[in-house]
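Structure first, commentary second.
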Amino acid sequence: MPATEIAPANAGSHAEAATSEWDGYIATDFRFVSFPAGARVLDIGFGHGEQMQHVARAGGHAFGIEYDRTLARDGRCAGLRVCRAAAEHLPFASASFDGLICKVVIPYTNEANAVSEIARVLRPGGLAHVSYHGLGYSLRYLLADRNWKRRVYGARTIVNTWVYRSSGRRLPGFWGDTIFQSPSRLRAYYRRSGLELVGAHPSGRFAGAPVFIYHTLKRVTRSS
């Protein structure tokens, strides 16, 4: 199963990641870095460390994981508390963090396992700010992009997601590198993992489908 391949993770709001290509679709006012001073916060897919730096400047204690070897090495060289790891296998004890950031990482993982790991490492009451790719992300590539390679990318992402939903497996090789998420499927994962959806931020849509999905989650204690 492909592990985490990360798009560059930018700090603060998603506005800082905006480009002209996605203007109108990115929720520019969704805050990924919103934690109290003293909080221990994990950034899954820390990229170049901007979000971790925001956490530190706000008085928090930032930790990060990154699957990309170069980014993980660069983060360590920059003095960040980071390691190379996959989102599906976080190298931390259960209930280790008060908060968590995960920006468009889940599309490149085994999503069920990655969501379960988010729940596992959060303390009861801890919050996670997470964004995903919706179906509209792939449809926009498939139907509106002039580059045939990007249209193929959109098509194979949709097919790969259907395969994953029905079988729990991905297409082989690069054909299976990306899946999109759906709100209903995410809610099922949350229920199973002990996460409560406490905020669903609206974002732009393409062909009636969300391009990005923005969720704020709280770790709850499940009754026995």
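Round to a whole angstrom and tell me the spacing of the C-alpha centers of segment 55-95 and segment 135-207.
25
Provide, in order from the shortest bin, the percent of all Cα-Cα pairs of the chain in each 5 Å bin, continuing until the bin that contains the maximum pair distance.
That works out to 1, 7, 15, 20, 21, 17, 12, 5, 2, 0, 0, in percent per bin.
If I build a Gaussian network model for the chain, linking alpha-carbon pairs within less than 10 angstrom, which residue out of L142, L122, L195 has the largest mean-square fluctuation?
The residue with the greatest mean-square fluctuation here is L142.
If you bin the C-alpha pair distances of segment 166-206 every 5 Å from 0, what whole percents do you get?
The distribution over segment 166-206 is 5, 14, 20, 21, 16, 17, 6, 0, given as percents.
Values in this text are rule-based calculations from the coordinates and carry no lab data. Values in this document were obtained by computation on a predicted structure and should not be read as measured data.
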